[in-house]
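Here the structure is laid out as structure tokens; the discussion comes afterwards.
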Amino acid sequence: MSQSSVEQKPLTALQGITAAAWQEVSRACGEPDWVRNLRQEAWEAYEESPMPTLRDEDWRRTDYRELELDELLLYMPAGIEAKAAADLPEAIHPHIDTGDAWGGLAVQINSEVAFTTLDASLQEQGVVLAPLAEAARTHPELVQPHLGRVVTPADGKFPALHGAFFSGGIFCYVPPDTEVALPIQFVAWMNAENIAVFPHVLLVADRGSQVTFVERYASPSLAEQSFSCPATEVVVKDGAHVRHVTLQDWGRHVFELGFQRLRVDNDGNLHTILAATGGRLVKNYVDNSFAGSGVESFHRGFFFTDGTQHMDYKTMQDHRAPYSTSDLLIKGALRDRSRAVFTGVIGVRKGSKRTDAYQENRNLLLSKRARSDSIPILEIDNDDVRCTHGSATGQVDPEELFYVMTRGLDRDEAARMLVEGFFTEVIEHTSVAGVQAQLAGKIQEKMTGWQVED
């Protein structure tokens, strides 16, 4: 293996997926016994469950066997402890200096949280933003009811692996009836190769609170592979309003296998946006679980692949109580020889009457060699519902292209404008202005050098 781009000083025995390795992570984090017990439960689940194969329905379109998990270092120090944002590595600044004002910011570098800050006025209101290991010690009454209980080892082989090895990560808590006016951002940055990272986000919005939370995953592209196995747990309690944004822009050497679950209680309101442009091979589950009645949720997302990238996203709109609505739109564009898989499930449990759920997936093939699979699924256990879905995949519309060309643009310029416009309604769903501009810029970057195929 080649040398990492940062000096590697791993903890003892952290190469190889073993019980001794997760125990060393727990020791290094100084965790209380109840967290170690969670890791033990996850480790046992990991050992007992088989590795996914191409014979499994969920995995038959995504082959991760090139991932050399046993060769990777399972813990990599940050190499820095920043006292201010200005002390962070220069490469991270484009991801945090978006022109937006942040109410709080946390930055994880490799396996450790290197910087955390929270506006003093929010601290006075009881808002908590702290590294997860620290929060487990200082706020166990807030963390323990939720950590590992929203995303659980029972969710699969890789959530179980994450549960045993999570490191770094952030805890954010918003007290009842508290409005956080400025968004809070968590950045997971990886500047080493031949490593595995396991960032964990736990966001709890208590009764009647409001918050916008942005989580971002990014790295340069390096020579040797690395692995990201993140998990996100979001709890939206009764009457709370949460806007949740996930931005994935890993380097081309990164494999990511992740899981998010966002649980919404009675009369909760959830708006999410998901943007994915990076990575070598990415497979993520995004489970929106509506545990209470009267929930309103809106979900927007996009992916843009090029080269030989492979992305596989499975979303769940899980209606577990009556009188709730959900609306999901995912758009994708694919260049070159890339491939994308989208599986969208609307689930309505027994007793979840008057559910109103919609799901749509639209994809643009920008190359004849690109491939997109779109799989909508309805699982309905109640008859007093309205659930619909739509899916469409195609190339740039020739008539629309001709119309734009009549305005004085050449063929390629017109096509690029149509592609950028294709994503507009998704990007505008983002309430953070600087992040909107960054997403628009990323799409333009992805279009660089592209030409319409005959």
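Of (1) crowded, with 17+ Cβ neighbours inside 10 Å; (2) without any contact (Cβ under 8 Å) to a residue 60 or more places away in the chain; (3) among the aliphatic types (A, V, I, L, M); (4) part of a strand (DSSP E or B), Ala321 satisfies all except one. Which? All conditions are met except number (4).
Here's a check for you: in region 90-141, which residue that is among the charged types (D, E, K, R) and in a helix (DSSP H, G or I) is nearest to Val234 (Cα to Cα)? The extreme case among them is Glu141.
Checking each residue in region 363-388 for being surrounded by 18 or more Cβ atoms within 10 Å (Cβ to Cβ) and under 18 Å from Arg300 (Cα atoms) picks out Asn363, Leu364, Ser374, Cys387.
Of all residues in region 210-221, exactly one satisfies the criterion of being buried (at least 23 other Cβ atoms within 10 Å of the Cβ) and in a loop (DSSP other than H, G, I, E, B), namely Ser219.
Checked against the criteria, Ser324 counts as in contact with a Gly (Cβ under 8 Å, 6 or more places away or on another chain) and modelled with pLDDT of 95 or more.
When region 69-89 is limited to residues that are touching a strand residue (DSSP E or B) at 6+ places or on another chain (Cβ under 9 Å) and outside any loop (DSSP other than H, G, I, E, B), the one that is surrounded by the most Cβ atoms within 10 Å (Cβ to Cβ) turns out to be Leu73. Here Thr430, Thr393 are screened, and the one residue that is assigned to a loop (DSSP other than H, G, I, E, B), buried (at least 16 other Cβ atoms within 10 Å of the Cβ) and not acidic (Asp, Glu) is Thr430.
Okay, residues lined up against (1) surrounded by fewer than 22 Cβ atoms within 10 Å (Cβ to Cβ); (2) among the aliphatic types (A, V, I, L, M):
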residue	(1), (2)
Thr138	yes, no
Ala154	yes, yes
Pro159	no, no
Gly163	no, no
Gly169	no, no
Cys172	no, no
Ile184	no, yes
Val187	no, yes
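I'm checking my understanding of the structure. Among residues of region 333-365 that are in a strand (DSSP E or B) and touching a helix residue (DSSP H, G or I) at 6+ places or on another chain (Cβ under 9 Å), which one is farthest from Tyr313 (Cα to Cα)? Of everything passing the filter in region 333-365, Leu364 is farthest from Tyr313 (Cα to Cα).
Scanning region 423-454 for residues that are without any contact (Cβ under 8 Å) to a residue 12 or more places away in the chain and under 16 Å from Ile330 (Cα atoms) yields a total of 2.
The values are calculated or read from the model by the stated rules, or taken from the named source; none is laboratory data. Note that the structure is a prediction, hence the values are computed from the model and not measured. All Cβ positions, even for glycine, are placed from backbone atoms using ideal geometry, and neighbour counts span all protein chains on display.
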